[in-house]
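The values are calculated or read from the model by the stated rules, or taken from the named source; none is laboratory data. All values derive from a computational prediction rather than experimental measurement. Every residue, glycine as well, gets a Cβ built from its backbone with ideal geometry; the counts of neighbours run over all protein chains shown. Areas reflect the complete protein model, heavy atoms only, side chains present, ligands, DNA and RNA absent. Shrake-Rupley method; radii C 1.70, N 1.55, O 1.52, S 1.80 Å.
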Amino acid sequence: STMRKRKTTDSPHSSTDLSEGKEKLRLKQEVGLISGVSLIAGTMIGSGIFMSPEWVLHHMGSPASSLLIWAACGLLAMFGALSYAELGTIIKESGGEYIYILRIFGSFPAFLFAYTSVILVRPAGLAAVCLSFAEYAVAPFYPGCSSPQVVVKCTAAACILLLTIINCLNVRLATSIMNIFTAAKLLALLVIVVGGLVLLAKGQTQSFQNAFQNTTAGIGAVGVAFYQGLWSYDGWNNLNYVTEELKKPEVTLPRAVMIAIPLVTCLYLLVNVSYLAAMTPSELLSSGAVAVTWGYKVLGSWAWLISLSVALSTFGSSNGTFFSGGRVCYIAAREGHMPDILSMAHVRCLTPSPALLFTSAVSLIMIISGSFTSIVNFFSFIAWLFYGMTISGLLYLKIKKPELPRSYKVPIIVPIIVLMAAVYLVLAPIIDQPQIEILYIVLFIFSGIILYFPLVHFKCHPRFLQRVTLHLQLFLEVAPTTRDAN
């Protein structure tokens with residue numbers, strides 16, 4: 001159903017005139033308020049809250065400062081989502097940052113975003129979630145010690161391959177898995193919250209005495225701590241990827257954001273308090289899988305339940321990430337910014353299998369070469385670079401085009417705060433602790449220039465690419481989605 005489309009006009013992609021009527025993707029508007037809240041919360045609650053607490057504490061140095069980071073991350077996610085909600089009521093098209101950058105700044109920066117997102121950001125997000133799934137899935141087999149990296153990476157790779165098969169074969173099965181696993185992750189978090197409240201009631205508050213002692217003050221350390229915390233909130237912008245499928249988007253989008261993000265923020269803070277009630281800061285720092293260590297401490301012989309719940313939760317989250325991963329790829333291909341093959345669907349299963357297979361292949365490479373914390377840091381660097389660009393686009397529209405119809409307006413101070421935070425998150429780690437990998441990422445983003453001008457701007461398509469596309473179509477049994485698939 002997500003592959004229905006009308007033929008689009010060959011627009012020049014210059015997006016200064018947003019009020020101009022354009023033919024665009026028409027999807028069934030079936031996502032209401034409850035579904036919207038579930039989509040945001042279900043994507044946000046993934047692996048981060050089970051993996052990132054030790055890293056936030058590691059970079060901040062003290063329990064109280066790490067809790068402040070978690071609260072600040074929730075506030076920043078809220079501000080970012082409210083800003084995106086206004087964008088979503090001005091530009092009522094699916095595609096999130098890609099479509100906003102395309103309509104506001106034009107074709108070239110939108111191509112750089114699509115190129116970076118499809119080849120780096122989306123696969124990196126999937127790789128990180130699958131690595132955390134693997135960490136928890138194998139933890140019970142190695143009690144009292146950290147799991148071998150080879151076992152963790154093989155399990156993560158198997159997870160990606162299984163998700164590829166599920167999502168390429170059956171859309172209904174993929175969505176059913178998402179719903180079941182959302183329930184599992186909420187149950188796991190509630191168990192941890194209740195357990196923590198019981199411990200606090202019994203007087204286990206030693207972690208909260210002198211709670212600011214050993215706090216780190218470096219701007220780079222705070223920036224990296226924010227990266228790890230914000231990874232747990234990633235997904236706050238997910239509803240903007242399906243704007244065309246929302247019932248009354250001008251009402252549903254802001255309301256869903258205002259319900260889902262405060263709910264997740266409160267849960268995250270309570271879970272962190274529970275971890276610190278059960279463990280000393282040094283115990284938390286030495287834990288490879290924080291929630292499992294909490295389970296051994298609090299539930300004893302029932303600790304395997306936490307490990308199972310977290311593994312189910314992270315598997316469900318990785319399925320959600322994978323399920324929505326083809327959307328930017330598909331829309332970019334629709335706009336002529338990606339190879340045609342990536343905008344095609346399987347003729348019988350009606351799934352965007354080429355985009356899913358491509359994402360899967362790149363994610364497997366990232367799992368082999370990277371670790372959870374390094375992938376998250378570089379993922380966050382790129383993500384906030386483009387979040388900043390998108391928010392600056394909103395500020396441009398608020399100042400230069402106030403006459404555009406918008407049913408929801410966010411106070412201008414909110415996107416200004418988000419833009420300042422984005423600039424800080426991009427620059428702080430570079431200034432304080434420059435890493436050569438960040439230079440590689442920047443070079444990779446700008447390497448898109450080499451592809452953009454010949455392939456997109458001048459439309460120089462070598463004949464062999466058309467032959468390759470044709471052979472891939474036959475091999476993968478896919479077809480263009482220019483007509484209603486049903």
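For the reader, a short list of remarks on this structure follows.
- Residue 402 meets each of the listed conditions (1) in a helix (DSSP H, G or I); (2) out of contact with any Leu (no Cβ under 9 Å at 6 or more places or on another chain); (3) more than 22 Å from residue 342 (Cα to Cα) apart from (1).
- Between 160, 165, the distinction of being surrounded by fewer than 23 Cβ atoms within 10 Å (Cβ to Cβ), of a type in the set (A, V, I, L, M) and assigned to a helix (DSSP H, G or I) belongs to 165 only.
- Test result for residue 364, open to solvent by 10 Å² or more (accessible area, probe 1.4 Å) and within 15 Å of residue 480 (Cβ to Cβ): no
- Restricted to helices (runs of 4 or more DSSP H) entirely inside the stretch 423-486, those with at least 2 residues that are out of contact with any Lys or Arg (no Cβ under 6 Å at 6 or more places or on another chain), modelled with pLDDT under 80 and within 22 Å of residue 124 (Cα to Cα) are 436-446.
- Here residue 167 fulfils each of the conditions (1) within 24 Å of the chain's Cα centre (by Cα); (2) closer than 18 Å to residue 55 by Cα; (3) at pLDDT 75 or above apart from (2).
- The stretch 441-466 residues that are more than 28 Å from residue 380 (Cβ to Cβ), paired with ones that are open to solvent by 50 Å² or more (accessible area, probe 1.4 Å) and in a loop (DSSP other than H, G, I, E, B) (beta carbon under 7 Å, 6 or more apart): 454/460; 455/461
- Test result for residue 132, at pLDDT below 85 and open to solvent by less than 20 Å² (accessible area, probe 1.4 Å): yes
- Residue check for residue 456: open to solvent by less than 70 Å² (accessible area, probe 1.4 Å) and either within 27 Å of residue 88 (Cα to Cα) or of a type outside the set (D, E, K, R) (or both): yes
- Within the stretch 346-364, residues that are on the phi > 0 side of the Ramachandran plot have Cβ atoms under 9 Å from residues that are in a helix (DSSP H, G or I) and open to solvent by 10 Å² or more (accessible area, probe 1.4 Å) in these pairs: 350/171, counting only partners at least 6 apart in sequence or on another chain.
A quick yes/no check of all residues on (1) among the β-branched types (Val, Ile, Thr); (2) farther than 16 Å from residue 441 by Cβ:
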site	(1), (2)
100	no, yes
104	yes, yes
119	yes, no
128	no, no
133	no, yes
139	no, yes
142	no, yes
150	yes, yes
153	no, yes
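- Top-ranked residue of the stretch 135-156 - restricted to ones that are buried (at least 24 other Cβ atoms within 10 Å of the Cβ) and over 23 Å from residue 323 (Cβ atoms), ranked as modelled with the highest pLDDT: 152
- Of all residue pairs spaced 6 or more apart or on separate chains, those with beta-carbon atoms under 7 Å, a first member in the stretch 157-180 that is touching a residue at least 12 places away in the same chain (Cβ under 8 Å) and under 19 Å from residue 348 (Cα atoms) and a second member that is open to solvent by less than 20 Å² (accessible area, probe 1.4 Å) and among the aromatic types (Phe, Trp, Tyr) are 163/322; 167/322.
- For residue 378, the conditions (1) open to solvent by less than 40 Å² (accessible area, probe 1.4 Å); (2) part of a helix (DSSP H, G or I); (3) of a type in the set (A, V, I, L, M, F, W, C) all hold with the exception of (1).
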